[in-house]
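What follows is a short report on a single structure.
The values are calculated or read from the model by the stated rules, or taken from the named source; none is laboratory data. Predicted model, so just to flag it, every value in this text is computed and none were measured. Ideal geometry is used to build each Cβ from the backbone, glycine not excepted, and the neighbour counts take in all protein chains shown. Only protein heavy atoms, including side chains, enter the accessible area calculation; ligands, DNA and RNA are left aside. Shrake-Rupley method; radii C 1.70, N 1.55, O 1.52, S 1.80 Å.
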Amino acid sequence: MLKIDNLTASVGGTQILNGISLTVNAGEVHAIMGPNGSGKSTLAQVLAGHPAYEVTGGTVTFQGADLLDMDPEVRAQHGVFLAFQYPIEIPGVTNAYFLRAAYNEIRKAKGLDEVDPMDFLDLMSDRLKLVEMDEAMLQRSVNAGFSGGEKKRNEILQMAVLDPTLAILDETDSGLDIDALRIVAHGVNALKKPTNATIVVTHYQRLLNHIVPDHVHVLAAGRIIKSGGKELALELEARGYDWVLEEAGLATGAHA
Amino acid sequence: MSTDIEALVNREYQYGFVSDIAADTVAPGLSEDVVALISRKKDEPQWLLDWRLKAYRRWLTMKEPHWPNVTYPPIDYQGTSYYSAPKSVKPLQSLDEVDPELLRTYEKLGIPLNEQKMLSGVAVDAIFDSVSVGTTMKTELRKHGVIFCSFTEAVHEFPDLVQKYLGSVVPYSDNFFAALNSAVFSDGSFCYVPKGVRCPMELSTYFRINAAETGQFERTLLVADEGAYVSYLEGCTAPKRSTNQLHAAVVELVALDGATIKYSTVQNWYAGDKDGVGGIYNFVTKRGKAMKGSKISWTQVETGSAITWKYPSVILQGDDSTGEFYSVAVVNNRQQADTGTKMIHVGRNTKSTIVSKGISAGRGQNSYRGKVHVLPKAEHARNYTQCDSMLVGNACGAHTFPYIEVENKTATLEHEASTSKIGEDQIFYLKQRGLSAEQAVSMIVSGFCREVFKELPMEFALEAQQLLGITLEGSVG
């Protein structure tokens with residue numbers, strides 16, 4: 001489904017990704033782990049097409065098409081979804097209005113008819129249950145005044161509505177308490193299908209107790225320095241990152 | 001980066017066409033003779049001619065105001081024509097007699113004057129180059145005692161009402177442009193809602209400038225008698241021309257005891273091209289007088305004009321009266337706007353609310369200028385002002401000039417202000433959900449303006465939202 005080959009990217013002239021290669025197949029869950037500043041979030045942003053990041057080399061193929069050649073909205077219309085680490089506030093725009101607009105754009109791109117507000121509400125009531133959110137939040141402005149946990153749940157709600165082929169969760173666990181973490185993970189698991197795939201970007205292993213990955217990759221200095229199965233995440237949790245960095249010949253620096 | 005924002009603010013003005021209609025246009029220039037000629041063409045009574053002449057003489061002694069935060073080359077008042085009317089417009093018995101080209105013009109604008117096709121529940125008066133070309137739903141309104149007609153018609157049919165209220169809120173000596181308007185105004189709308197009547201439908205006036213080198217000087221007078229209610233909307237468009245055209249209108253509202261007037265404007269005059277060539281100078285005086293227990297609410301969505309200079313105001317004359325001002329002003333490219341309101345608290349327990357949303361894009365300059373004045377006898381006056389600016393791109397400007405004058409210690413005034421910049425991150429977030437940059441900007445800006453849009457009648461709120469999107473097209477940069 002997704003093939004990243006020797007991808008390099010920079011932001012503001014500083015190279016962050018130094019040749020990433022990764023293949024994700026339908027039905028798989030991949031975890032991208034790594035210390036702070038390793039380039040995890042950059043990879044997520046580059047895949048979604050954030051304009052601040054410049055791709056300087058390599059290729060990304062998504063379902064046979066050149067992903068890097070697509071505008072961000074076209075990527076979204078093709079089924080790429082990014083759950084933001086810091087969801088953005090859009091004051092004055094209700095969640096319901098925003099979600100329906102997005103849902104209809106993606107339907108239009110697929111050649112399907114737009115859905116009217118009433119039918120959309122029916123669809124929503126089902127999706128809201130998945131993330132244990134109240135219907136009242138549909139009338140609230142997008143993320144404005146939401147708590148950290150509500151914002152993250154709202155991301156998963158959007159994911160549930162838009163039903164992406166490839167979902168990238170960028171540090172979705174950060175700032176979540178145990179209950180919110182459980183709700184978010186439950187949502188992600190419920191949306192899993194043999195035809196879609198998930199990339200979970202995280203610093204900690206704890207989310208991976210709930211969302212079990214098929215593959216775990218360690219990112220450092222803009223490269224994947226180690227890949228393994230779900231047990232790799234447990235090992236990282238127990239031993240930290242230093243041993244992997246040393247194995248890869250990277251200076252470990254002064255970690256706290 | 002940010003080519004998105006840039007690509008968005010520059011859509012073509014879609015109302016810029018010119019209609020080929022034979023017009024009766026007075027040669028450029030202004031003198032007592034021209035004032036008298038206009039009055040004669042309209043077969044006006046002597047008192048009105050006298051009033052016009054007094055205004056003209058006063059205007060000669062006045063200076064064009066230069067305190068607004070806008071710049072433009074000197075206006076040649078002798079180079080403008082002060083009267084243009086579609087030929088053969090005189091006494092129309094029905095809309096069937098209207099020049100079909102005119103009807104087509106309004107259909108192009110999406111304003112069908114044909115009564116069968118009328119939006120149900122809205123009565124429209126259409127003003128074409130200063131002259132009213134037809135008022136719809138007149139008969140239906142008369143059943144309720146509501147008078148809604150062209151100003152010229154009102155002068156002939158209801159001279160007492162016109163004479164009683166004309167200039168009672170905006171005297172001819174009020175300011176330079178109001179004096180000019182008083183001298184040369186050619187038509188406009190008149191509305192009177194009798195005591196205790198709730199006007200059964202929205203009233204709407206649609207203004208269109210067609211002729212070149214012509215100023216448009218219309219006058220609107222709206223009187224809501226005791227306990228009456230009326231909701232009124234005006235819309236405006238003009239063809240694209242490379243020269244600037246002056247539009248100096250006056251709107252007077254009178255809300256007698258316990259009456260409510262809701263006055264909404266969607267202003268989309270031609271704004272000039274992206275380099276600032278052409279466009280309308282929209283120098284307008286709008287004011288309402290609110291008597292005891294009455295309420296006047298102004299809502300404006302200002303997206304057009306090269307320069308906008310207007311301050312819809314309320315004189316809170318009577319005790320317990322309420323004034324409101326909800327405004328969205330958008331400038332893009334080289335547009336300039338200096339707009340806001342004045343709330344003059346005269347009576348006791350008077351209350352005013354000001355919500356202003358300014359959006360600046362391109363190289364546009366947007367100024368909010370507002371005055372809250374609490375006079376000595378205005379015990380327990382209250383004002384709440386919220387003034388928000390949004391910047392799109394790096395080359396535009398937002399300015400705020402609030403004036404507060406309080407002469408009574410019991411007054412309570414609140415003022416909130418904010419400035420924000422439409423962010424690349426906000427746009428990216430929405431694009432990541434499948435929306436185009438255009439939809440993203442439009443959505444963010446509509447959200448920003450929501451408090452104002454919700455004051456507009458439903459169908460006009462949608463129109464305003466679309467208009468906003470169009471104005472900002474190409475602005476994402």
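A few remarks follow.
- Hits in the range B:23-37 - residues which are of a type in the set (Ser, Thr, Tyr), modelled with pLDDT of 90 or more and either within 26 Å of the chain's Cα centre (by Cα) or not in a loop (DSSP other than H, G, I, E, B) (or both): none
- Residues of the range A:140-154 that turn out to be within 12 Å of another protein chain (Cβ to nearest Cβ) and part of a helix (DSSP H, G or I), as a count: 2
Residue by residue, here is whether (1) more than 19 Å from A:Asn6 (Cα to Cα); (2) buried (at least 21 other Cβ atoms within 10 Å of the Cβ); (3) at the interface with chain B (Cβ under 10 Å from one of its Cβ atoms) holds:
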{"residue": "A:Thr59", "(1), (2), (3)": "no, no, no"}
{"residue": "A:Met70", "(1), (2), (3)": "no, no, no"}
{"residue": "A:Val74", "(1), (2), (3)": "yes, no, yes"}
{"residue": "A:Phe84", "(1), (2), (3)": "yes, yes, yes"}
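- Here B:Leu456 meets the list (1) more than 13 Å from every other protein chain (Cβ to nearest Cβ); (2) open to solvent by 20 Å² or more (accessible area, probe 1.4 Å) almost entirely, failing just condition (2).
- Count of the range B:291-317 residues which are open to solvent by less than 10 Å² (accessible area, probe 1.4 Å) and in a strand (DSSP E or B): 13
- Single residue of the range A:40-54 satisfying the filter (more than 14 Å from the chain's Cα centre (by Cα) and of a type outside the set (Phe, Trp, Tyr)) that is least open to solvent (accessible area, probe 1.4 Å): A:Ala52
- From the options A:Leu250, A:Leu191, A:Leu236, A:Leu219, residue that is farther than 30 Å from A:Gly58 by Cα, in contact with a strand residue (DSSP E or B) (Cβ under 8 Å, 6 or more places away or on another chain) and surrounded by 13 or more Cβ atoms within 10 Å (Cβ to Cβ): A:Leu191
- Subset of the range B:262-290 that is open to solvent by less than 10 Å² (accessible area, probe 1.4 Å) and small (Gly, Ala, Ser) - its residue that is nearest to B:Glu202 (Cα to Cα): B:Ser264
- Among (1) touching a Leu at 6+ places or on another chain (Cβ under 6 Å); (2) polar (S, T, N, Q); (3) over 26 Å from A:Asn154 (Cα atoms), the one test that A:Thr61 misses: (1)
- Residues that are open to solvent by 10 Å² or more (accessible area, probe 1.4 Å) and over 25 Å from the mean Cα position of the chain (by Cα), drawn from the range B:438-449: B:Glu438, B:Gln439
- The condition of being of a type in the set (D, E, K, R), crowded, with 22+ Cβ neighbours inside 10 Å and at pLDDT 95 or above holds for B:Arg433.
- Of all residues in the range B:329-349, those satisfying the criterion of being in contact (Cβ under 8 Å) with a residue 60 or more places away in the chain and farther than 12 Å from B:Thr308 by Cβ are B:Asn332, B:Asn333, B:Arg334, B:His345.
- Filter result for A:Leu157 (open to solvent by less than 60 Å² (accessible area, probe 1.4 Å), assigned to a helix (DSSP H, G or I), in contact with a helix residue (DSSP H, G or I) (Cβ under 7 Å, 6 or more places away or on another chain) and within 14 Å of chain B (Cβ to nearest Cβ)): yes
- Hits in the range B:420-448 (condition: polar (S, T, N, Q) and facing another protein chain (nearest Cβ under 8 Å)): B:Gln426, B:Gln432, B:Ser436, B:Gln439, B:Ser446
- The combined condition, being surrounded by 18 or more Cβ atoms within 10 Å (Cβ to Cβ), touching a helix residue (DSSP H, G or I) at 6+ places or on another chain (Cβ under 6 Å) and more than 24 Å from A:Ala185 (Cα to Cα), is not fulfilled by A:Ile88.
- Any hit, the range A:115-124, residues being assigned to a strand (DSSP E or B), within 14 Å of chain B (Cβ to nearest Cβ) and out of contact with any strand residue (DSSP E or B) (no Cβ under 6 Å at 6 or more places or on another chain): no
- Here B:Arg40 meets each of (1) in contact with a helix residue (DSSP H, G or I) (Cβ under 7 Å, 6 or more places away or on another chain); (2) at pLDDT 85 or above with one exception, condition (1).
- Residue count for the range A:17-51, restricted to those that are in contact with an Asp or Glu (Cβ under 6 Å, 6 or more places away or on another chain) and in a strand (DSSP E or B): 2.
- Those residues of the range A:1-16 which are in contact with an Asp or Glu (Cβ under 9 Å, 6 or more places away or on another chain) and assigned to a strand (DSSP E or B), in sequence order: A:Ala9, A:Ser10, A:Val11
- Residues considered: B:Leu472, B:Leu413, B:Leu462. Of these, the only one that is touching a residue at least 60 places away in the same chain (Cβ under 8 Å) and either more than 10 Å from every other protein chain (Cβ to nearest Cβ) or charged (D, E, K, R) (or both) is B:Leu472.
- Which numbered condition B:Ile359 misses (of (1) more than 14 Å from chain A (Cβ to nearest Cβ); (2) within 21 Å of the chain's Cα centre (by Cα)): (1)
- Options A:Ile168, A:Ile183, A:Ile225, A:Ile211: the member that is in a strand (DSSP E or B) and surrounded by fewer than 23 Cβ atoms within 10 Å (Cβ to Cβ): A:Ile225
- Of all the criteria given as (1) part of a loop (DSSP other than H, G, I, E, B); (2) within 23 Å of A:Val24 (Cα to Cα); (3) not charged (D, E, K, R), the one not satisfied by A:Val74 is (1).
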